[in-house]
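Visitor: Sending over a structure as structure tokens; questions will come in a sec.
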Amino acid sequence: MRIEIKDKARCSGCAVCKNVCPKNCITMTFDSEGFFYPKVDKKRCIDCGRCYKSCPVINSEGENRRGIIHAFAAENNDHDIKKESSSGGIFSLIAKRFIKVGGAVYGAAFDEKLKVVHQRATSIEEIAKFRGSKYVQSDIENIYRVIEKDLKDGVPVLFSGTPCQVSGVKRYLSKDYANLFTVDIACMGVPSVKVWTKYLEYQKAANKSEIKSFSFRDKTEGWRNYSIKINFVSEKNKTIPAGKDLYMAMFLSNTSLRPSCYDCAFKGLERVSDVTLADFWDAEKVLGIDDDTGISLVLTHTDKGEKMLNDLYLDNLLSLKEVDIDKACAYNTAILQSVKPNVKRGAFMKGISKLNFLGAVDYAGANKGIARLKISVRYKLSKLKNRLKKEK
Ligand SMILES: Cc1cc2nc3c(=O)[nH]c(=O)nc-3n(C[C@H](O)[C@H](O)[C@H](O)COP(=O)(O)OP(=O)(O)OC[C@H]3O[C@@H](n4cnc5c(N)ncnc54)[C@H](O)[C@@H]3O)c2cc1C
């Protein structure tokens, strides 16, 4: 049986099928919403079934998933690195460990055109490009063979990505490697490349400049009150609170996500990764601590994951506090369940297939609706909380 995409919700776009095809007859192509899907050249296909057997979504039931050994609240002791990271900066600590022993680190980074692509890094300087969440689906198509080569050459490898990507890597490799360590991030879903590209075009036109760099999680106004930050080639800088930016509004209100994200096959406490990283948004409620600089929720699934966290702790590189798994996850629904599509998703994505970014927002009526309202309320509450704290 070969891969055939009849239901888009059953494809995460991981491109494993393309990579295992012995005839190279699968290509990844964009649909009208801007998400990639496999396309099989049926004339060249020999019906070997490898694509079907390797699909992490189709075979998600039979995966070797492990539950949680421990849940921790964790923070990198290096405040500068933590500031550049989305939550507690734990990913950078793990990545540095691998670089120090001559390893290779894989993660999602911007390329020179601000496309989000999975890349390889072998130096401390290079791992900076992986820091910070990029809220767009990363292109992982060409990385599997490079990872496999590293593993076969005995290089210690750290792979990081969304749960579906980690599962894709494991499916592609189809055997366990002692030199592979995997980190998945809690993930509510990914917007499409087309939504992202059209948003960038809108920002460039509105500001009459190319963009030099982009951050989805600037912490200048705090971790909870995070902003997006755009540095333009014209030297103009723009910082927009996430609650007021339209791209983030479409993302956080579940209006621009991939169909498979609304029915994600990788939710729950059991994972194929060694460690799961998330924002510990409600640390204050669970632990009574939160200085608004960022705290990670870290879930360990394997002995390797446990050892990594313990080693970092013993070397005084992070603060670590064990937390009750149920309490910690109760506040982070992205770990446990898929989000529901916003009622405006259909209209917005139809708009994005034909119109520019603002046109699509207007077409869906999403600039005035619940999408923005929901997050601007969260933003205002958070600001109020910060003000009260300062006044105390
Ligand atoms: C699309 C997306 C949705 C997320 N949704 C949630 C959520 O709902 N709840 C929650 O608690 N946390 C979510 N996160 C995770 C969270 O934002 C942090 O990434 C996590 O807390 C780790 O933070 P850190 O400070 O340790 O490291 P950071 O330095 O911030 O983490 C960087 C890591 O994220 C990976 N990464 C960045 N962008 C992508 C991408 N587009 N695709 C794959 N991997 C990527 C990098 O490879 C690297 O491993 C999401 C992240 C992404 C990318």
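The values are calculated or read from the model by the stated rules, or taken from the named source; none is laboratory data. Being a predicted model, the structure only gives us computed values, none of them experimental. Please note: Cβ atoms are built from the backbone with ideal geometry, for glycine as well, and neighbour counts cover all protein chains shown. Protein only, heavy atoms only, side chains kept; ligands, DNA and RNA dropped before computing areas. Shrake-Rupley method; radii C 1.70, N 1.55, O 1.52, S 1.80 Å.
Visitor: Give region 246-269 a look and list any residue that's within 10 Å of the ligand (Cβ to nearest atom) and open to solvent by 10 Å² or more (accessible area, probe 1.4 Å), or say none.
Guide: 252, 261, listed by residue number.
Visitor: If you scan region 200-238, which residues turn out to be closer than 21 Å to residue 81 by Cβ, open to solvent by 70 Å² or more (accessible area, probe 1.4 Å) and of a type in the set (Val, Ile, Thr)? Talk me through it step by step, then tell me what you get.
Guide: First pass over region 200-238, keeping only residues closer than 21 Å to residue 81 by Cβ: 213-229, 231.
Next, from what is left, pick out any that are open to solvent by 70 Å² or more (accessible area, probe 1.4 Å): 220-221.
Result: 220, single match.
Visitor: Filter region 1-51 for residues that are of a type in the set (A, V, I, L, M, F, W, C) and in a loop (DSSP other than H, G, I, E, B) and give the result. Walk me through how you get there before you give the answer.
Guide: First, pick out the residues of region 1-51 that are of a type in the set (A, V, I, L, M, F, W, C): 1, 3, 5, 9, 11, 14-17, 20-21, 25-26, 28, 30, 35-36, 40, 45-46, 48, 51.
Answer for region 1-51, where residues must be of a type in the set (A, V, I, L, M, F, W, C) and in a loop (DSSP other than H, G, I, E, B): 1, 3, 5, 11, 14, 15, 21, 25, 35, 45, 46, 48.
Visitor: Filter region 75-128 down to the residues that are assigned to a strand (DSSP E or B) and more than 8 Å from the ligand (Cβ to nearest atom) and list them by number.
Guide: 75, 104, 105, 110, 117, 119, 120, 121
Visitor: Evaluate the following for residue 260: is it within 15 Å of the chain's Cα centre (by Cα) and closer than 30 Å to residue 179 by Cα?
Guide: On the way: within 15 Å of the chain's Cα centre (by Cα): yes; closer than 30 Å to residue 179 by Cα: no.
Judged against the criteria, residue 260 is not a match.
Visitor: What is the one condition in (1) in a loop (DSSP other than H, G, I, E, B); (2) closer than 23 Å to residue 129 by Cβ that residue 222 does not satisfy?
Guide: (2)
Visitor: Restricting region 129-162 to residues that are of a type in the set (Lys, Arg) and either within 15 Å of the ligand (Cβ to nearest atom) or in contact (Cβ under 8 Å) with a residue 40 or more places away in the chain (or both), which is most open to solvent (accessible area, probe 1.4 Å)? Write out each step before concluding.
Guide: Filtering region 129-162 down to residues of a type in the set (Lys, Arg) leaves 129, 131, 134, 145, 149, 152.
Subset that is either within 15 Å of the ligand (Cβ to nearest atom) or in contact (Cβ under 8 Å) with a residue 40 or more places away in the chain (or both): 129, 131, 134, 145.
Numbers: 129: 62, 131: 40, 134: 28, 145: 115 Å².
So, considering only residues that are of a type in the set (Lys, Arg) and either within 15 Å of the ligand (Cβ to nearest atom) or in contact (Cβ under 8 Å) with a residue 40 or more places away in the chain (or both), the one most open to solvent (accessible area, probe 1.4 Å) is 145.
Visitor: On to the next question. Just to be sure, is residue 272 within 26 Å of residue 296 (Cβ to Cβ), open to solvent by less than 40 Å² (accessible area, probe 1.4 Å) and within 10 Å of the ligand (Cβ to nearest atom)?
Guide: Numbers: within 26 Å of residue 296 (Cβ to Cβ): yes; open to solvent by less than 40 Å² (accessible area, probe 1.4 Å): yes; within 10 Å of the ligand (Cβ to nearest atom): no.
When the stated conditions are applied, residue 272 does not pass them.
Visitor: Continuing with this model, one more query. Given the conditions (1) surrounded by fewer than 19 Cβ atoms within 10 Å (Cβ to Cβ); (2) touching a residue at least 12 places away in the same chain (Cβ under 8 Å), report the number of the one that residue 178 does not fulfil.
Guide: In the conditions (1) surrounded by fewer than 19 Cβ atoms within 10 Å (Cβ to Cβ); (2) touching a residue at least 12 places away in the same chain (Cβ under 8 Å), residue 178 misses (2) alone.
Visitor: Report yes if some residue within region 374-390 is within 16 Å of the ligand (Cβ to nearest atom), at pLDDT below 80, surrounded by fewer than 17 Cβ atoms within 10 Å (Cβ to Cβ) and under 30 Å from residue 76 (Cβ atoms); otherwise report no. Please lay out each step first, then the result.
Guide: Looking only at region 374-390, we keep the residues that are within 16 Å of the ligand (Cβ to nearest atom), and these are 374-375, 378, 382.
Narrowing the set further to residues that are at pLDDT below 80 leaves 374-375, 378, 382.
Applying the additional criterion that residues be surrounded by fewer than 17 Cβ atoms within 10 Å (Cβ to Cβ) yields 374, 378.
Next, from what is left, pick out any that are under 30 Å from residue 76 (Cβ atoms): 378.
Checked region 374-390: at least one residue is within 16 Å of the ligand (Cβ to nearest atom), at pLDDT below 80, surrounded by fewer than 17 Cβ atoms within 10 Å (Cβ to Cβ) and under 30 Å from residue 76 (Cβ atoms).
Visitor: Oh, and also: Step by step: first the residues of region 315-338, then only those that are among the β-branched types (Val, Ile, Thr) and open to solvent by less than 30 Å² (accessible area, probe 1.4 Å), then the one that is nearest to the ligand (Cβ to nearest atom). Which residue is that? Lay out the reasoning, then the answer.
Guide: Initial filter on region 315-338 (among the β-branched types (Val, Ile, Thr)): 323, 325, 333, 335.
Now narrow it down to the ones that are open to solvent by less than 30 Å² (accessible area, probe 1.4 Å): 323, 335.
Values: 323: 14, 335: 7 Å.
The residue in question is 335.
Visitor: Hey, can you tell me all the residues within region 7-30 that are open to solvent by 70 Å² or more (accessible area, probe 1.4 Å), closer than 14 Å to residue 144 by Cβ and basic (Lys, Arg)?
Guide: None; the set is empty.
Visitor: Given the conditions (1) open to solvent by less than 40 Å² (accessible area, probe 1.4 Å); (2) in the same structural domain as residue 37 (by TED's automatic domain parsing), which single one is not true for residue 95?
Guide: (2)
Visitor: Here's a follow-up. Can you find a residue in region 188-202 that is outside any strand (DSSP E or B) and modelled with pLDDT under 95? Explain how you work it out, then say what you get.
Guide: We begin by selecting, within region 188-202, every residue outside any strand (DSSP E or B); these are 188-190, 192-202.
So of that shortlist, the ones also modelled with pLDDT under 95 come out as none.
No.
Visitor: Looking for whichever is crowded, with 23+ Cβ neighbours inside 10 Å and either over 30 Å from residue 357 (Cβ atoms) or outside the structural domain of residue 184 (by TED's automatic domain parsing) (or both) here; the options are 61, 33, 4, 75. Which one fits? Walk me through it before giving the result.
Guide: On the way: 61 fails: crowded, with 23+ Cβ neighbours inside 10 Å; 33 fails: crowded, with 23+ Cβ neighbours inside 10 Å; 4 fails: crowded, with 23+ Cβ neighbours inside 10 Å.
That would be 75, the only listed residue that is crowded, with 23+ Cβ neighbours inside 10 Å and either over 30 Å from residue 357 (Cβ atoms) or outside the structural domain of residue 184 (by TED's automatic domain parsing) (or both).
Visitor: Hand me the list of helices (runs of 4 or more DSSP H) wholly inside region 276-356 holding 2 or more residues that are at pLDDT 95 or above and more than 23 Å from the chain's Cα centre (by Cα).
Guide: Working: elements: 283-287, 303-314, 325-330, 333-336, 345-354.
So the answer is 303-314, 345-354.
Visitor: Report whether or not residue 49 is open to solvent by less than 50 Å² (accessible area, probe 1.4 Å) and within 16 Å of the ligand (Cβ to nearest atom).
Guide: Answer is no for this residue.
Visitor: Also, quick follow-up: Among the residues of region 285-293, is there at least one that is open to solvent by less than 10 Å² (accessible area, probe 1.4 Å) and within 15 Å of the ligand (Cβ to nearest atom)?
Guide: Residues of region 285-293 that are open to solvent by less than 10 Å² (accessible area, probe 1.4 Å), as a first pass: none.
Checking region 285-293: not a single residue is open to solvent by less than 10 Å² (accessible area, probe 1.4 Å) and within 15 Å of the ligand (Cβ to nearest atom).
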